Amino acid sequence: MLKGSARSIPGVHIRDVLHTVATQHPNLIARFGGHAMAAGLSLRAVNLDVFRTTFDRAVRAVVTPEMLDGVIYTDGELNETDFTLDTARLLRGAGPWGQGFPEPVFDGVFEIVNHRVIGNHLKLKVKPKGSTCLLEAMVFNAETFDWHEGVNAVYMLYRFEENDYQGLIRPQLTVTHLQALPA
């Protein structure tokens with residue numbers, strides 16, 4: 001038996017998609033369950049190829065091209081005066097965050113002051129475009145982002161947090177999206 005899990009996108013009720021597959025091929029899926037955004041299933045290994053084809057067809061029946069466009073929602077830009085520990089702590093305390101109430105994500109254009117690679121992460125010193133405010137930013141799993149040597153400016157999506165490293169507490173941008181900008 002194979003077990004799998006699925007995560008969906010807005011507009012695609014993944015449990016209903018699995019129900020469609022199970023209705024079209026009654027003995028294909030051994031078990032399934034879930035809700036609009038997540039589901040799980042079990043099927044026999046010999047059914048995997050048929051499942052792939054049928055599942056693909058069922059998803060294509062409900063997906064529109066607009067659903068596949070990468071849309072990124074943000075809470076906008078922070079002002080230079082917002083980059084304080086007090087703001088980071090207010091944001092942390094405003095939770096709990098979860099489905100339907102996501103943690104705030106901000107965006108902006110930043111100049112790169114310097115950078116350092118730490119394993120597969122990238123530590124940046126940045127300042128908001130046109131500002132003198134110097135900030136630390138951490139890009140985890142940086143190999144998945146649009147980054148290369150010689151980049152002077154980036155568009156970033158980030159969470160504004162406090163970083164407690166070796167007892168030194170300071171504000172930090174935790175980058176969730178990074179795009180190099182032309183020089």
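Only the coordinates and a few stated rules stand behind these numbers; no lab work does. On a predicted model such as this, the values are computed, not experimentally measured, just so you know. Counting neighbours? That spans all protein chains shown, and the Cβs are built from the backbone with ideal geometry, glycine included.
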Please arrange Ser5, Ser42 by counting, for each residue, the other beta carbons lying within 10 Å of its beta carbon, fewest first.
Ser5, Ser42
How many nm is it between the label spots at Ser5 and Ala36, if each spot is 7 Å from the Cα in line with the beta carbon?
2.0 nm
Mean separation of Cα pairs under 8 Å and 6+ residues apart, divided by the residue count of the chain: what relative contact order is that in percent?
16 percent
Placing each pseudo-label 7 Å from Cα in the direction of the beta carbon, Phe101 and His121 end up separated by a distance in nanometres of 2.9 nm
Of the listed values [x] -0.39, -0.66, -0.75, -1.00; [y] -0.50, -0.75, -0.82, -0.97; [z] -0.45, -0.75, -0.85, -1.10, grab the one calculated as log10 I(q)/I(0) by the Debye sum over Cα atoms at q = 0.09, 0.12, 0.13, 0.16 Å⁻¹ from the structure here.
[y]
Dividing the helical contributions, -39500 (n - 2.57) per DSSP H run of n ≥ 4, by the residues of the chain yields a 222 nm value, nearest 500 deg cm²/dmol, of -6000 deg cm²/dmol
Treating cross-link reach as a plain straight distance, find the aspartates and glutamates whose alpha-carbon is under 20 Å from the alpha-carbon of Lys127, omitting any fewer than eight places away in the same chain.
Asp75, Glu77, Glu80, Asp82, Asp86, Asp107, Glu111, Glu136, Asp146, Glu149, Glu161, Glu162
